[in-house]
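Engineer: Handing you a structure now.
The values are calculated or read from the model by the stated rules, or taken from the named source; none is laboratory data. Note that this is a predicted model, so its numbers are computed, not measured. FYI the Cβ positions are ideal-geometry reconstructions off the backbone, even for glycines, and counts take in every protein chain you see. Heads up: the accessible areas ignore ligands, DNA and RNA and are worked out on the full protein's heavy atoms, side chains in. Shrake-Rupley method; radii C 1.70, N 1.55, O 1.52, S 1.80 Å.
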Amino acid sequence: MPTATALNQAAAMIENAWGQPIEMLETLAVRRPSDDPLLRSTMHIYAALTITDRSVAAHQNRLHALTRPGYVPAFYELERLTGSAAELRVAHAESHTYLQAIRRVIEAREAAAPTDRASAVRLAQAAVARSGHAQTALSQATPDPPAPSAVVGPSAPAAGPHR
């Protein structure tokens, strides 16, 4: 029974958070990036995770080839074997980091969304009501009497010495 890769886990998390298939979300993130910047960030991380997942698969295949049953690696292949093992560990660490980053972006999205939709609706209604009251109060107010016009002409001589 194969285990789910980090890429599969990330795709499931993203699809669950946004409620749409990953292919559609990739298209939305490219075509309308300003609509949902968190989706765009998540899809950038997902693209990096895709590359890392391919790297993990390549290193695993190389290690399986070097350690297949009945095969004894030659002395010169030992360096390749240890190098592939180290690169596989690095790729796994990168995958885990990308998965954590996606998880954090989704948590931030959930934290930014109003938890109680009813309270958000009530707040919006209250804002509309306040703006409606302000407009009616301004339209019902009586206008101020006009100010007397200013006299245009030379000013009176100032007291004091002139130079």
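Engineer: Summing Lys, Arg as +1 and Asp, Glu as -1, what charge do residues with Cβ under 11 Å from the Cβ of residue 96 carry, residue 96 excluded?
Structural biologist: +1
Engineer: Right, something else. Sort 75-83, 60-68, 93-101 for me by packing, meaning the mean count of neighbouring Cβ atoms within 10 Å per residue, highest on top.
Structural biologist: On the way: 75-83: 11.0, 60-68: 13.1, 93-101: 16.8.
Per-residue Cβ counts within 10 Å, averaged per peptide and sorted highest first, yield 93-101, 60-68, 75-83.
Engineer: Between residue 124 and residue 76, what is the label-to-label distance in nm when each label sits 7 Å out along the Cα-to-Cβ direction?
Structural biologist: Taking the two extended label points, one gets 7.0 nm.
Engineer: What is the sum of charges, Lys and Arg at +1 and Asp and Glu at -1, for the other residues whose Cβ falls under 12 Å from the Cβ of residue 41?
Structural biologist: Residues near residue 41 contribute +2 overall.
Engineer: Here's something else I'd like to know. In nm, to one decimal, how far is the residue 26 label point from the residue 85 one, both placed 7 Å along Cα→Cβ?
Structural biologist: Here the answer is 3.5 nm between the modelled labels.
Engineer: So if each residue of separation counts as 0.36 nm, and I subtract the Cα-Cα distance between residue 57 and residue 92, what length gain in nm does that give?
Structural biologist: The residue 57-residue 92 span can extend by a further 11.6 nm.
Engineer: Can I ask one more? Provide 35, 53 ordered by accessible surface of protein heavy atoms (probe 1.4 Å), highest first.
Structural biologist: 35, 53
Engineer: If I take every Cα pair under 8 Å that is 6 or more residues apart in the range 1-118, average their sequence separation and divide by the length, what percent do I get for the relative contact order?
Structural biologist: This gives 36 percent for the range 1-118.
Engineer: Give the accessible surface of the range 35-130 per residue, rounded to a whole number of Å², with probe radius 1.4 Å and ligands, DNA and RNA excluded.
Structural biologist: 68 Å²
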